1. Looking at region B:93-105, which of its residues are more than 9 Å from chain A (Cβ to nearest Cβ) and in contact with a Phe, Trp or Tyr (Cβ under 9 Å, 6 or more places away or on another chain)?
2. Of all residues in region A:203-227, count the ones that are in a loop (DSSP other than H, G, I, E, B) and either under 19 Å from A:LEU365 (Cα atoms) or free of Cβ contacts under 8 Å to residues at least 60 places away in the same chain (or both).
3. Within region B:49-81, track down each residue that is more than 14 Å from chain A (Cβ to nearest Cβ) and touching a strand residue (DSSP E or B) at 6+ places or on another chain (Cβ under 8 Å).
4. Find the residue count for region B:100-120, including only residues that are open to solvent by 20 Å² or more (accessible area, probe 1.4 Å) and outside any loop (DSSP other than H, G, I, E, B).
5. Report yes if some residue within region A:243-256 is away from every other protein chain (no Cβ under 12 Å) and among the hydrophobic types (A, V, I, L, M, F, W, C); otherwise report no.
6. Among B:ARG50, B:ARG18, B:ARG28, B:ARG45, which is the only one that is basic (Lys, Arg) and without any contact (Cβ under 8 Å) to a residue 12 or more places away in the chain?
Amino acid sequence: MSLRDQACVTGIGETRYTRETTRSQAELTFEASLAAIADAGLDPKDIDGVVPYAMGGVIAEDFVTNFGLPDLRYSAVTPMGGASSVAALQNAALAVAGGLANHVLICLGRGALSTGRITDRIGMMPQFRLVAEHEMPMGTVAPAQFYAPMARRHMELYGTTSEQLGEIAVTFRRHAQLHDNAMMQKPMTLADHQASRMIADPLRLYDCCLESAGAAAVVISRADLARDCRHTPVYIGGVAEGHPDSPSTITQRPDICRIGLAKAAPKAFAMAGVTHADIDVAEIYDCFTYIVLCQLEDMGFCAKGEGGQFVQGGRIALGGELPVNTHGGLLSQAHIAGMNHIVELTRQLRHQAGARQVPDAEVGLVTGYGDLGDGSIAILHR
Amino acid sequence: MNDLAYDKPLPEPSAVSRPYWDALREHRLVLQCCRQCHTVRHYPRPVCDRCYSMDYEWIPASGRGTVHSWSTYHHPFHFAFKRDMPYVVLTVDLEEGVRLQAPLRGADASALRLGAPVEVVFEDATDEITLPAFRLL
């Protein structure tokens, strides 16, 4: 049995995205979840499966408590950091295809600075045990520092430049300016990017994502039930997760320029039965500009080492050959750990993206990237 | 060395990694080696991912290697590193086939290229913990 087209995204919901909040992660998550369920044309009591974000401050049973779910019969978590949201699509698709649930809620809330800096959270997470012992004592305590050597080696091997990374940041900023729920509305030029301060060389401030408060949620429904929901069903054509070699430390990874997505992408494309040329729009996890470039290569949109050239010349901008992060991404919309990427791709495929709409978008992909190189990918179509 | 004065993150040696840290305290670099298939592995862990043996020994490492990658840190994500900024952290291919991450001493990033030879040096952080660092050869 293939999971192809067995499940659909039927509902999407988001809160406003802000820099800080006085509201709890749970409260934000419930607001986005109620919005997603209503968007699907369902009642909260129709939800019988929940896959919450492992670090999101809620557990599945909180939805029984707060929404009065009469029969929560499927729950799971996908603890892969920023790859969790898209990995949850695989999990939910399995659940509905296997008859374990009809409508699965996937949700993710973040409190940004209000719930502590990323560096404070990392040391306590089991997937960071090895780096906590061997790398944090060196001052390598934050994602920018974990990932910087990947980008540096890419530059040394392939001649990738900071300006090429800047092209990614500038493009996503321009897209964010077309979205009224994007945090960063101020224009950014390549010169602005080049003038932004160095954080962990070669990553500058504008190569790094935002920290945000807010929540997003989606409802995944069994395909035959999706046809009765409110909007055009968006089918999960292919989906996969991938874990890199040496997943708990980049330092010991045989090829530090290759991440888990490289293993997942061929499976997702094969399951969906599409090729790269079929992809009309891509929402790619963008915690850092370099990570976008690396994923484009590892998905096979270009060869390893060609990512820098690939992103130049407007190819990834709206109107280009492969529009990427039409909502502004984590770099310029908000860091909702990629749940906002799934919401945006769904909007694009429903043809509800307004000024950001990719004309006649039929097929798109969304990726996740988490922890020290975990990857996930879903190929969706209308 | 006054342990109370050291305010950076310190490793908490585990049952499996204790001999590694004990050797560093004596200014020796040792690595975990599978007794069955003789594969060297790092960071310390219970099982050989090649042959699945849990039988291992600690072998002396030469301390020499070559630069695999690096980053110059400019923003201190931890307050205690603020006084060190900017500084370079290397990812080094050790001669034994595993990697080690540690700061570069005595040079800045302008001197670096992939494959540049380096040698480990030892820096006592506290009475209990010594951390590795590198200098260019």
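The values are calculated or read from the model by the stated rules, or taken from the named source; none is laboratory data. These numbers come from a predicted model, not from an experiment. Cβ: placed from backbone, ideal geometry, glycine included. Neighbour counts: every protein chain shown. These area figures cover heavy atoms from the full protein model, side chains too; ligands, DNA and RNA do not enter into them. Shrake-Rupley method; radii C 1.70, N 1.55, O 1.52, S 1.80 Å.
1. Keep residues of region B:93-105 that are more than 9 Å from chain A (Cβ to nearest Cβ), which gives B:93-97, B:104-105.
B:LEU104, B:ARG105, listed by residue number.
2. Of region A:203-227, the ones in a loop (DSSP other than H, G, I, E, B) are A:209-212, A:227.
So of that shortlist, the ones also either under 19 Å from A:LEU365 (Cα atoms) or free of Cβ contacts under 8 Å to residues at least 60 places away in the same chain (or both) come out as A:227.
So the count comes out to 1.
3. Taking region B:49-81 first, the residues more than 14 Å from chain A (Cβ to nearest Cβ) are B:51-64.
Across region B:49-81, the qualifying residues are B:CYS51, B:SER53, B:ASP55, B:TYR56, B:GLU57, B:TRP58, B:ILE59, B:PRO60, B:ALA61, B:SER62, B:GLY63, B:ARG64.
4. 6
5. Just the residues of region A:243-256 that are away from every other protein chain (no Cβ under 12 Å), to begin with: A:243-244.
Add one more test, that the residue is among the hydrophobic types (A, V, I, L, M, F, W, C), and what stays is none.
The answer is no, given that none of the residues of region A:243-256 is away from every other protein chain (no Cβ under 12 Å) and among the hydrophobic types (A, V, I, L, M, F, W, C).
6. Numbers: B:ARG50 fails: without any contact (Cβ under 8 Å) to a residue 12 or more places away in the chain; B:ARG28 fails: without any contact (Cβ under 8 Å) to a residue 12 or more places away in the chain; B:ARG45 fails: without any contact (Cβ under 8 Å) to a residue 12 or more places away in the chain.
On inspection, the qualifying residue turns out to be B:ARG18.
Results for (1) of a type in the set (D, E, K, R); (2) modelled with pLDDT under 95, shown as yes or no for each residue.
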{"site": "B:ASP22", "(1), (2)": "yes, no"}
{"site": "B:HIS42", "(1), (2)": "no, no"}
{"site": "B:TRP58", "(1), (2)": "no, no"}
{"site": "B:THR66", "(1), (2)": "no, no"}
{"site": "B:TRP70", "(1), (2)": "no, no"}
{"site": "B:VAL88", "(1), (2)": "no, no"}
{"site": "B:ASP108", "(1), (2)": "yes, yes"}
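Conditions tested, residue by residue: (1) within 14 Å of chain B (Cβ to nearest Cβ); (2) polar (S, T, N, Q); (3) touching a helix residue (DSSP H, G or I) at 6+ places or on another chain (Cβ under 8 Å).
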site: A:PHE172; (1), (2), (3): no, no, yes
site: A:ASN181; (1), (2), (3): no, yes, no
site: A:THR189; (1), (2), (3): no, yes, yes
site: A:PRO202; (1), (2), (3): yes, no, yes
site: A:TYR206; (1), (2), (3): yes, no, yes
